[in-house]
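Engineer: Before I ask anything, here is the structure I am working with.
The values are calculated or read from the model by the stated rules, or taken from the named source; none is laboratory data. What you see is a predicted model; the values in this text were computed from it and never measured. Cβ: placed from backbone, ideal geometry, glycine included. Neighbour counts: every protein chain shown.
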Amino acid sequence: MGEPYYVTTAISYPNGKPHIGHAYEAIATDVIARNRKAEGFDVRFQTGTDEHGLKMMQKARDLGVTPAALCDEMSRYFRDMCDALNIGYDVFIRTTEPRHHEATQELWRRMEANGDLYLDRYEGWYSIRDEAYYDESELVAGEGGEKLSPQGTPVEWTVEESWFFRLSKYQDKLLELYSSGDFIKPESRRNEVTRFVEGGLRDLSVSRTSFDWGIKVPGSENHVMYVWVDALTNYLTGLGFPDENGDYSKYWPANLHVIGKDIVRFHAIYWPAFLMSAGVPLPRQVFGHGFLLNRGQKESKSLGNVTDPIGLAETFGVDALRYFLMREVAFGQDGSYSPEAIVTRCNAELANSFGNLAQRSLSMIFKNMDGIVKAGLPQTEADAALFASVREGIAGLRKSFTDLAFSDGLESWMRAVFACNQYVDEQAPWALRKTDPERMEAVLMVLFQVVRDLAIAVRPVVPTAIDKLLDQMGQGADARDYAALEAADWFTALAASGYKVDKPQGVFPRLELPEEAAA
Ligand code: ME8
């Protein structure tokens, strides 16, 4: 097994069904996990649901059910979404699990032992929706002049006895963390957080007495912990913390927390401060991705434009949705989607360019060579040039994916696909069939090899379709990682095995715009 690599998504609030933002984050993180696996890492991938807090309690009360029953029901939708989108997580964590209570209480005890927790009174503007207190200066005015949080959610003046965390003590250490290395990405978010922390940090209220749907504060049982202390600790719980043997010793500190831009503050300020206080090593990176908009607009129940991501995957196919999101949106920035954009992008790149290249190549081998794979045919300069272009395109993809620049990586891959299609047009194997059948065979064998390499390269993004394609190319299920790209003798070995290509089945169908979307 390779070097450990631990990656997480945020854990979702299951107070509604999963939306496209949840799907986007899960897909992006799954692509990262599959890419790291392909690169030879020993990957651990965790996702889950964040089930405590006032919001869940109120929702359960409105529905006349217990919070626990509501959480069971709602968390299921998030697991189902992961299944529907081919999200290959290793651990799905729920914060209502007993092991999570234990882990969080242990983290609390360690922060307390370090002298960072004290009891006081809290007054301030609290947003239930954001589960956060805001400073007067941060509030904005609503349309009717009412006070709203910076996220536009209602706030209420709240007074309660509370435990406090000495966040102010960590200001310098946090600034040092941001300035050295890559803790916060992308750069724009690092700058935002740095400016915020430079403005001064106040101690943080970390317990509530006004409700009880949460994790009890050890030794202070009328308090439940602030939901963010609870939620952030999930990243440790899933590794067995506080047991520091086993998975924890292998995978902590996490390599990457993938989260959306609205919760960067919690992950880049509170989380490292809690960990510093508890004497736990810090994760290496927090990446704040952008928001996904529906035709440029935020989805909301009142606009009636909320999209069910599972429905999108059913309409266009899981792989097409995954490809679209990774290709269309520059990771880190906001992006927009629409049925037209999905159809246009996927037809141009997956169906017409790569899908067609693969299908044409395998069909010609099947028809004109009885499907036989032949090694050792003479090569021309054009062949060598194509191999070089494909190598370069794949190297570009790998480099960009390592930097989490997925759209750039796929663009580099597409350039190699275009080079292949241009090669097919120039070599015109259908014409060679009559004039120079030997050369035709050589051309088709070049195509077989480059299609295989391009397929392996893009597999983390569109795993199902690529596996179907590689199955038709005699590629072993255990030889689809990037190490296979460097295997020198795979092609001669395949030819020597007597492998024959069967009548190929296309794996990237052309998409149609559904009628209701076209109307
Ligand atoms: O914030 N586009 O949960 P959540 C892209 N429980 N990403 C989006 C998005 C959109 N339109 N809307 C939300 C929480 N997200 C907490 C996290 S982690 C210890 C606790 C992202 O269900 C959002 O930024 O509101 C977050 O990363 C994730 O979806 C879950 O959001």
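Engineer: If we scan the stretch 24-33, do we find a residue that is within 22 Å of Val318 (Cα to Cα) and out of contact with any strand residue (DSSP E or B) (no Cβ under 9 Å at 6 or more places or on another chain)?
Structural biologist: yes
Engineer: Right, here's the next one. Among the candidates Ile20, Ile27, Ile32, which residue alone is over 12 Å from the mean Cα position of the chain (by Cα), within 16 Å of the ligand (Cβ to nearest atom), buried (at least 17 other Cβ atoms within 10 Å of the Cβ) and of a type in the set (A, V, I, L, M, F, W, C)?
Structural biologist: Ile20
Engineer: Taking the stretch 395-413, which residues are surrounded by 16 or more Cβ atoms within 10 Å (Cβ to Cβ) and either touching a helix residue (DSSP H, G or I) at 6+ places or on another chain (Cβ under 6 Å) or acidic (Asp, Glu) (or both)?
Structural biologist: Answer for the stretch 395-413, where residues must be surrounded by 16 or more Cβ atoms within 10 Å (Cβ to Cβ) and either touching a helix residue (DSSP H, G or I) at 6+ places or on another chain (Cβ under 6 Å) or acidic (Asp, Glu) (or both): Gly396, Leu397, Ser400, Phe401, Phe406, Ser407, Asp408, Gly409, Leu410, Glu411, Ser412, Trp413.
Engineer: Let me ask another. Take Glu123 and tell me if it is in contact (Cβ under 8 Å) with a residue 40 or more places away in the chain and among the acidic types (Asp, Glu).
Structural biologist: In short, no.
Engineer: Shifting gears a bit: Which residues, taken from the stretch 161-195, are free of Cβ contacts under 8 Å to residues at least 60 places away in the same chain and under 17 Å from Asp135 (Cβ atoms)?
Structural biologist: Phe164, Ser168, Gln171, Arg195
Engineer: So, one more: Taking the stretch 295-320 as the search range and keeping residues that are away from the ligand (no atom under 12 Å from the Cβ) and hydroxyl-bearing (Ser, Thr, Tyr), which one is surrounded by the most Cβ atoms within 10 Å (Cβ to Cβ)?
Structural biologist: Selected residue: Thr315.
Engineer: I want to confirm something. Restricting to the stretch 189-215 and keeping residues that are modelled with pLDDT of 95 or more and among the hydroxyl-bearing types (Ser, Thr, Tyr), which single residue is surrounded by the fewest Cβ atoms within 10 Å (Cβ to Cβ)?
Structural biologist: Residue satisfying both the conditions and the ranking: Thr194.
Engineer: So which of Asp230, Asp203, Asp243, Asp212 is among the acidic types (Asp, Glu) and within 14 Å of the ligand (Cβ to nearest atom)?
Structural biologist: Asp230 is the lone residue from the list that is among the acidic types (Asp, Glu) and within 14 Å of the ligand (Cβ to nearest atom).
Engineer: Does Ala68 satisfy the criteria of being part of a helix (DSSP H, G or I), within 16 Å of the ligand (Cβ to nearest atom) and modelled with pLDDT of 95 or more?
Structural biologist: Answer is no for this residue.
Engineer: When the stretch 156-172 is examined, which residues are found to be at pLDDT 95 or above and either exposed (fewer than 14 other Cβ atoms within 10 Å of the Cβ) or touching a Pro at 6+ places or on another chain (Cβ under 7 Å) (or both)?
Structural biologist: The answer is Ser168, Asp172.
Engineer: What are the residues in the stretch 43-59 that are in contact (Cβ under 8 Å) with a residue 60 or more places away in the chain and of a type outside the set (Lys, Arg), if any?
Structural biologist: Gln46, Gly48, Asp50, His52, Gly53, Leu54, Met56, Met57, Gln58
Engineer: Still on this structure, I have one more. Step by step: first the residues of the stretch 215-227, then only those that are assigned to a loop (DSSP other than H, G, I, E, B) and more than 16 Å from the ligand (Cβ to nearest atom), then the one that is nearest to Pro98 (Cα to Cα). Which residue is that?
Structural biologist: Step by step, filter the stretch 215-227, then rank; the result is Pro218.
Engineer: Select, from Gly240, Gly181, the only residue that is modelled with pLDDT under 95 and under 22 Å from Arg36 (Cβ atoms).
Structural biologist: Gly181
Engineer: Suppose we filter the stretch 1-17 for residues that are within 9 Å of the ligand (Cβ to nearest atom) and more than 20 Å from Ala268 (Cβ to Cβ); how many remain?
Structural biologist: Residues in the stretch 1-17 being within 9 Å of the ligand (Cβ to nearest atom) and more than 20 Å from Ala268 (Cβ to Cβ): 3 in total.
Engineer: Would you please list the contacts, defined by Cβ atoms under 9 Å and residues six or more apart or on different chains, that run from a residue in the stretch 280-303 that is more than 30 Å from Glu112 (Cβ to Cβ) to a residue that is of a type in the set (Lys, Arg) and modelled with pLDDT under 95?
Structural biologist: If the second residue must be of a type in the set (Lys, Arg) and modelled with pLDDT under 95, the pairs left are Phe291/Lys298.
Engineer: Does Asp130 satisfy the criteria of being at negative phi, out of contact with any strand residue (DSSP E or B) (no Cβ under 8 Å at 6 or more places or on another chain) and modelled with pLDDT under 90?
Structural biologist: Here the answer is yes, as Asp130 does meet what is asked.
Engineer: Ok, one more. Take Lys37 and tell me if it is modelled with pLDDT under 95 and either among the basic types (Lys, Arg) or more than 13 Å from the ligand (Cβ to nearest atom) (or both).
Structural biologist: Considered against the rule, which asks whether it is modelled with pLDDT under 95 and either among the basic types (Lys, Arg) or more than 13 Å from the ligand (Cβ to nearest atom) (or both), Lys37 comes out as no.
Engineer: In the stretch 111-155, what residues are over 35 Å from the mean Cα position of the chain (by Cα) and surrounded by fewer than 16 Cβ atoms within 10 Å (Cβ to Cβ)?
Structural biologist: Ala113, Gly115, Tyr118, Leu119, Asp120, Arg121, Glu123, Glu143, Gly144, Gly145, Glu146
Engineer: Is it the case that Asp478 is of a type in the set (D, E, K, R) and in a loop (DSSP other than H, G, I, E, B)?
Structural biologist: yes
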